[in-house]
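Below: the structure, in structure tokens.
The values are calculated or read from the model by the stated rules, or taken from the named source; none is laboratory data. Since we're looking at a predicted model, the values are computed, not measured. FYI the Cβ positions are ideal-geometry reconstructions off the backbone, even for glycines, and counts take in every protein chain you see.
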Amino acid sequence: MTKTLSERIALFTDKHKNTGKPFLPVFIALKPDIEQALQDGWTVYQVWDTLFAEGKITCSYQWFRTLVNRHIPNGSKQKIRTAPKKSAVADQEGFRFNSATEKEELI
């Protein structure tokens with residue numbers, strides 16, 4: 001007899017309980033060190049690369065970024081300093097595009 005969809009879903013979820021979450025306990029254990037490294041100015045990639053090379057973390061870089069974004073507030077946001085923007089139109093004296101056409105210019 002064929003099993004219902006609900007029974008098949010229940011069997012599937014029993015077999016795949018921790019899909020995507022086997023790295024979370026390790027990440028949580030290393031979280032203070034990761035936070036400190038990010039505060040010291042190291043990039044997320046540099047932190048992951050070092051931990052991966054040491055064998056402490058076995059997840060991919062993309063998954064590591066996901067964990068950082070979920071569990072460390074502002075962990076991967078790097079402050080970018082930019083100079084105030086000047087008005088580009090005010091500094092230019094050359095060609096200016098005018099979308100309205102004038103009949104005098106067409107003749």
Filter segment 27-51 down to the residues that are hydrophobic (A, V, I, L, M, F, W, C) and loosely packed, with under 13 Cβ neighbours inside 10 Å, then identify the one that is nearest to R65 (Cα to Cα).
I28
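List the helices (runs of 4 or more DSSP H) that sit entirely inside segment 10-107 and contain at least 2 residues that are modelled with pLDDT of 90 or more and β-branched (V, I, T). Show your work before the answer.
Values: elements: 24-39, 44-54, 61-71, 88-91, 103-106.
Because the criterion is at least 2 residues that are modelled with pLDDT of 90 or more and β-branched (V, I, T), the helices (runs of 4 or more DSSP H) in segment 10-107 that meet it are 24-39, 44-54, 61-71.
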Members of segment 53-68 found to be buried (at least 16 other Cβ atoms within 10 Å of the Cβ), among the aromatic types (F, W, Y) and either without any contact (Cβ under 8 Å) to a residue 24 or more places away in the chain or more than 20 Å from K21 (Cα to Cα) (or both), listed by number
none
